[in-house]
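Here is the structure we will look at, set down as structure tokens.
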Amino acid sequence: MNGDPTPTPTSPLIAHAPRAILLINAANPAVAGLAGAAGSCSSVPMWVVRRGQLCRALWASQAPAASSRPRSAEPGSLPGPRCWSCGIPLPDRGGLPRFCPACQALQPPESQPDLFRLMGCNHSFNINVQQLQQRFRSLQRSLHPDYFSQRPQKERDFSEQHSSLVNRAYQTLLSPLRRGLYLLELNGVELAKGTDSDIDVEFLKEIMEINETLAEPNNEAKIEEIESFIAVKREELTKDVSKAFERDDLQEAKKLLAKMKYFENLEDKVKSKKNPS
């Protein structure tokens, strides 16, 4: 970029061009080597770049060549989405945030996005948390509503939807419990609600005893012991869940995640006991 500084949220570039940065695939030959790596939790690196300088090269390499006649859809296929602002057909981005290649308008998020793909992660229980955090910051830098304050209301609304989706995806994948439950959901497996049929009796007795102890007054010392015990059990369960997913044993992962959910509830009770509102 001939020595131009990388945009930051406080730079004039961001202040006057709310859509000045864009996440693109570093494997794209049209832009490779022109920007700095932003990081992701998959093996495919992503880049944060100035949109104005690289947009035409990016979309020229991804979108089909322009034609004076609209191309008809393949027999039996559904027509692809069009830009809400200028109406041109949009190239597929595979669930990633999409900007129109012609007018640069931010497009709405998908109704059921793949959170792993959005955050640049493989569909795995084991993820690189540091790279997930980097990906989160990169997406927020390009999609945060503050950068769209001078854009049409519809685009500002889409920015808020994207930002909310990125936050949800980050919180889901950051938590081992929510990440595991989401993986089960993607595989058509859900925890049974309102039943403990999959939990062994001894485990339920243990949880009941802890709840009774937490309900006792003036038990600060016991609460500290319970807090340490919960941390150890959650770490053990996290390792066991990881092994279950590695074996593709979804039913075992389901049972372990149900236990993990009990300990998360206990942890919430401990926090409430230590910091009463």
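The values are calculated or read from the model by the stated rules, or taken from the named source; none is laboratory data. If you're wondering where the values come from, they're calculated on a predicted model, not measured in any experiment. Ligands, DNA and RNA are stripped out before the accessible areas are found, and what is left, the full protein with its side chains, is counted by its heavy atoms. Shrake-Rupley method; radii C 1.70, N 1.55, O 1.52, S 1.80 Å.
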Accessible-area order for ILE207, ILE88, largest to smallest, probe 1.4 angstrom, reads ILE88, ILE207
Applied in sequence order to the stretch 244-260, the curve 6.51 cos²θ - 1.76 cosθ + 1.60 (Karplus, θ = phi - 60°) yields integer Hz couplings, x standing for Gly and Pro, of 5, 5, 5, 7, 6, 9, 5, 5, 5, 4, 4, 5, 5, 5, 5, 5, 4
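Going from the alpha-carbon gyration tensor of the stretch 103-219, what semi-axes, largest first and in whole Å, does one get by taking the root of 5 times each eigenvalue?
Numbers: eigenvalues 297, 63, 41 Å².
In descending order the semi-axes read 39, 18, 14 Å.
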Karplus-derived 3J(HN,Hα) from phi for the stretch 137-142 (6.51 cos²θ - 1.76 cosθ + 1.60, θ = phi - 60°), whole Hz, x at Gly and Pro, runs 5, 5, 5, 5, 5, 8
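Quick check on my link table: of LYS205/LYS239; LYS243/LYS273; LYS243/LYS274; LYS205/LYS273; LYS222/LYS259, which ones sit more than 30 Å apart, alpha carbon to alpha carbon? Walk me through the intermediate numbers first.
Numbers: LYS205/LYS239 23 Å; LYS243/LYS273 33 Å; LYS243/LYS274 33 Å; LYS205/LYS273 21 Å; LYS222/LYS259 21 Å.
The answer is LYS243/LYS273; LYS243/LYS274.
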Rounded to the nearest 10 Å², the 1.4 Å probe accessible area of LYS269 is 100 Å²
In whole angstrom, the spacing between the Cα centers of the stretch 84-149 and the stretch 196-274 equals 35 Å
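Multiply the residue gap between HIS123 and LYS222 by 0.36 nm, knock off their C-alpha separation, and tell me the result in nm, one decimal place.
Residue separation times 0.36 nm, minus the Cα-Cα distance, leaves 31.7 nm.
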Sorted list, accessible surface of protein heavy atoms, 1.4 Å probe, largest first, for ASP146, ASP92 is ASP92, ASP146
Mean separation of Cα contacts under 8 Å (at least 6 apart) over the residue count of the stretch 140-277, i.e. the relative contact order in percent, is 24 percent
With every protein chain kept in place and a 1.4 Å probe, the residues PHE263, PHE229, PHE158 fall, from largest accessible area down, as PHE229, PHE158, PHE263
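Kirkwood hydrodynamic radius, computed over distinct alpha-carbon pairs, for the stretch 100-141: how many Å, to one decimal?
Details: mean 1/r = 0.0827 Å⁻¹.
Evaluated on the stretch 100-141, it is 12.1 Å.
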For the stretch 101-118, Karplus-derived ³J(HN,Hα) couplings (6.51, -1.76, 1.60; θ = phi - 60°; whole Hz; x for glycine and proline) come out as x, 9, 9, 6, 6, 5, 9, x, x, 5, 5, 10, x, 7, 5, 5, 5, 4
Using a 1.4 Å probe on heavy atoms of the protein chains only, the accessible area for ARG98 in Å², nearest 10, reads 40 Å²
